[in-house]
Ligand code: J2J
């Protein structure tokens, strides 16, 4: 059985095939067709060749098949940056089970929302996460989703089957199951979101495989590429731009880092002769600070990719000198479109733009509020469709009607300028989202939770400037009573009580008597952003 999603219209699918962009191959070919003796993943003291990765994922696939999992089923997976992330992913691909890969920083609230949406049969998680040290949370999840019967845990939690034992002990690799069809959903990617519930993005084998292949080509990945996976491995950027999958596609090697911090990564770069790393701007800033002391550790590094949030020109200009390698900027989105500065672009283009689309069939328009295309170098919203940009979120008809237009263009909410050569520069955002150093927070999700507090009458979450993170979040709260005595700490605790990921808890709270409103009666977030900007300036002066 296949999973329902919004397909590309037949005429587009035909063109993408004719052009050779969609090849009707399953994603598991990424590892099955790689040179089997090459090292695929280095993780701590462990080294897995492609042969190991293939055989372990086959063992796990066979085990899951014996449990009764079948094509069209879904799974929620939450793993840290460890080799098992790929073993699990490709095992699920072999039997046509579509996972949503939650970020390791996600918590009760996000996992419950994913379970509700995809009604999984299986959960794979790690006992390194507080939620899975015992079976209490799994029981809660299975109460809300009848089909959720199976759990596999990395580590020795004791309450569920251990993934480690399955991989060590199981010998049977006989598989009758097949991957899902290449134009069906392979897995769900996470959207940054701007709504109350996080939206899931159905990605097909065909579209994702193309995006990986083309990315690897643009970034000139080869079998000698040693790619450092320092961002959360489930994120679209380190998975596919070109990321770990790009490295697999060419038989290269992925080095797992437990965190993007400079000391951890510099040691790995030196030890494993890493050639490419990918970071968000705040992590890059820390690397740039730390690098002068470690410079000889970084000699193998050829390419530093930066994306996820706006990189300042001043940081960008430091990269070649301080890290001794080339910079590449990337404007990507889990919904599809990825833009790259090219390796042979001049330095000014690389430091001042976020690149251009990777494929000639990426249709990108920059439009004004009336929906008309604007000219070169004029600010407008980026809208796009193409061979790897999805046509709809999973089971979200109302939201889809708002962000996908009748021609299938995805309205990204990113405000950009496009130059005469097609290069995009991000200048702002017209979506209710905070980009906290690459981590996206949907304002409405947090506002809704705050409104549940008995003393909160109104709330509005906005971004505030931050030197390190680019943006942080500030919640404006109107209490129900003037003499409320409410404190930030109370609301922080309250939000944590719902089990939302830490990065979504507002960095600052401001209590006010009323929210400024727009002419149509919505909270005026432009005005609120200005209020907090002024207050921050005031604080700096004191
Ligand atoms: C400014 N804003 C950016 C950039 C993304 C590669 C790289 C990044 C992502 C990603 C990704 C930006 N400058 N260089 O999926 O494959 C903001 C935009 C965009 C949103 C998407 C990839 N690069 N952004 O960040 O789905 O607002 O994907 O629409 O997490 O991040 O976020 P996400």
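The values are calculated or read from the model by the stated rules, or taken from the named source; none is laboratory data. What you are looking at is a predicted structure, and each value in this text was computed from that prediction instead of being measured. Heads up, the Cβs are rebuilt from the backbone with ideal geometry, glycines too, and the neighbour counts pull from every protein chain shown.
Laid out as a table, the results:
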quantity	calculated
In segment 209-229, the residues that are under 21 Å from residue 265 (Cβ atoms) and free of Cβ contacts under 8 Å to residues at least 60 places away in the same chain	221, 224, 225, 227, 228
Residue in segment 284-302 that is within 13 Å of the ligand (Cβ to nearest atom), surrounded by fewer than 20 Cβ atoms within 10 Å (Cβ to Cβ) and in the same structural domain as residue 226 (by TED's automatic domain parsing) present	no
Hits in segment 317-336 (condition: closer than 16 Å to residue 427 by Cα and either surrounded by fewer than 18 Cβ atoms within 10 Å (Cβ to Cβ) or without any contact (Cβ under 8 Å) to a residue 60 or more places away in the chain (or both))	329
From the options 186, 230, residue that is under 29 Å from residue 47 (Cα atoms), within 18 Å of the chain's Cα centre (by Cα) and assigned by TED's automatic domain parsing to the domain that holds residue 395	230
Residue, surrounded by the most Cβ atoms within 10 Å (Cβ to Cβ), within segment 146-183, restricted to residues that are under 26 Å from the mean Cα position of the chain (by Cα) and in a loop (DSSP other than H, G, I, E, B)	180
Failed item, numbered, when residue 220 is tested on (1) crowded, with 16+ Cβ neighbours inside 10 Å; (2) more than 16 Å from the ligand (Cβ to nearest atom)	(1)
Subset of segment 125-145 that is out of contact with any strand residue (DSSP E or B) (no Cβ under 8 Å at 6 or more places or on another chain) and within 13 Å of residue 75 (Cα to Cα) - its residue that is surrounded by the fewest Cβ atoms within 10 Å (Cβ to Cβ)	142
Matching entry among 405, 419 (being surrounded by 14 or more Cβ atoms within 10 Å (Cβ to Cβ), in the same structural domain as residue 307 (by TED's automatic domain parsing), more than 19 Å from the chain's Cα centre (by Cα) and touching a residue at least 60 places away in the same chain (Cβ under 8 Å))	419
Matching strands (runs of 3 or more DSSP E) fully within segment 29-145 where at least 3 residues are more than 30 Å from residue 442 (Cβ to Cβ)	39-43, 46-49
Selection from segment 32-49 of residues that are crowded, with 18+ Cβ neighbours inside 10 Å and within 24 Å of residue 359 (Cβ to Cβ)	34
Meets criteria (within 23 Å of the chain's Cα centre (by Cα), within 14 Å of the ligand (Cβ to nearest atom), free of Cβ contacts under 8 Å to residues at least 60 places away in the same chain and over 25 Å from residue 273 (Cα atoms)) for residue 382	yes
Which listed residue, of 392, 371, is surrounded by 15 or more Cβ atoms within 10 Å (Cβ to Cβ) and in a loop (DSSP other than H, G, I, E, B)	392
Residue that is out of contact with any strand residue (DSSP E or B) (no Cβ under 7 Å at 6 or more places or on another chain) and modelled with pLDDT under 95, where the choices are 240, 223, 176, 194	176
Criterion violated by residue 237 - all others in (1) within 16 Å of the ligand (Cβ to nearest atom); (2) farther than 22 Å from residue 442 by Cα; (3) crowded, with 22+ Cβ neighbours inside 10 Å satisfied	(2)
Flag for residue 471 being part of a helix (DSSP H, G or I), touching a strand residue (DSSP E or B) at 6+ places or on another chain (Cβ under 8 Å) and touching a residue at least 12 places away in the same chain (Cβ under 8 Å)	no
